[in-house]
Amino acid sequence: MIVTCPTCSTRYLVDTQKLGVQGRMVRCGSCGHTWYQAPPEHATSRIDLTEPVPEPTPGVVERRGLPAIQRRRRSWGKLVALLVLLLVLAGAGWGAIFMRDRVMALVPQSARIYSRLGLAASMPDFGPGLALRDVAPRRAVENGQSVLVIDGRIVNLSSARRRVPPLKVTLRDANDKPLTSWTFSAGIAELGPGASASFHTTYQQPTADATGVVVTLQNP
């Protein structure tokens, strides 16, 4: 997997297994900038239901240089950021102002320029930076019926506000085959930098074949 520093555009070749299934904070070995790097979209986390899930101890994020091969830098990122700055200062970039969310999505380097000009994103992005923590499924009995209860936390690991998308739960059998799934709201619209919120969902009378649970974010 190739990872690019959003500040200096230095590229690295990274082993995806070192990112884990939920990503991690990484640091550029060239300029020292740190950011949250998500794993590939196909990576999922399976939680077995055969044994009780203990309360996890909050981990400590390790911050160090990326263990990868440094690639040659590209200067086009700085050039694009400079062009965006000139358009805004000249007053000829009304489109760039009103469509700044799209510009920042296409050219991440421009976010710092907009921020210095007091032009933050008009609405928080879903984007990378949200992660699921302490996901704990358990079986229970309510009113004489079997119930699957799932609790956990959603955390904003980024330095910007993020809108919180719906969450999706998929039950899987012993062969990791999907059995059923549903979506639910975490009960909060957005999270500030470093903030977290708890989520809770239940499923009535889960099949006995369900031995695993996968919880994901439903980003648009």
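Of note:
- Every residue from the stretch 129-144 that is at pLDDT below 90 and loosely packed, with under 12 Cβ neighbours inside 10 Å: Glu142, Asn143, Gly144
- Test: Leu191 is hydrophobic (A, V, I, L, M, F, W, C), closer than 20 Å to Asn219 by Cα, surrounded by 17 or more Cβ atoms within 10 Å (Cβ to Cβ) and in the same structural domain as Pro6 (by TED's automatic domain parsing): yes
- Members of the stretch 26-53 found to be at pLDDT 80 or above and either more than 13 Å from the chain's Cα centre (by Cα) or not assigned by TED's automatic domain parsing to the domain that holds Ala174 (or both), listed by number: Val26, Arg27, Cys28, Gly29, Ser30, Cys31, Gly32, His33, Thr34
- Qualifying residue in the stretch 173-182 (condition: assigned by TED's automatic domain parsing to the domain that holds Gln145 and buried (at least 18 other Cβ atoms within 10 Å of the Cβ)): no
- Hits in the stretch 167-201 (condition: part of a strand (DSSP E or B) and touching a residue at least 60 places away in the same chain (Cβ under 8 Å)): Arg172, Glu190, Leu191, Ser196
- Scanning the stretch 7-20 for residues that are in a loop (DSSP other than H, G, I, E, B), out of contact with any helix residue (DSSP H, G or I) (no Cβ under 6 Å at 6 or more places or on another chain) and surrounded by 14 or more Cβ atoms within 10 Å (Cβ to Cβ) yields Thr7, Cys8, Thr10, Val14.
The values are calculated or read from the model by the stated rules, or taken from the named source; none is laboratory data. It should be emphasised that the depicted structure is a prediction, and the values quoted were computed from it without experimental measurement. With ideal geometry, Cβ positions are generated from the backbone for all residues, glycine too; neighbour counts draw on all protein chains shown.
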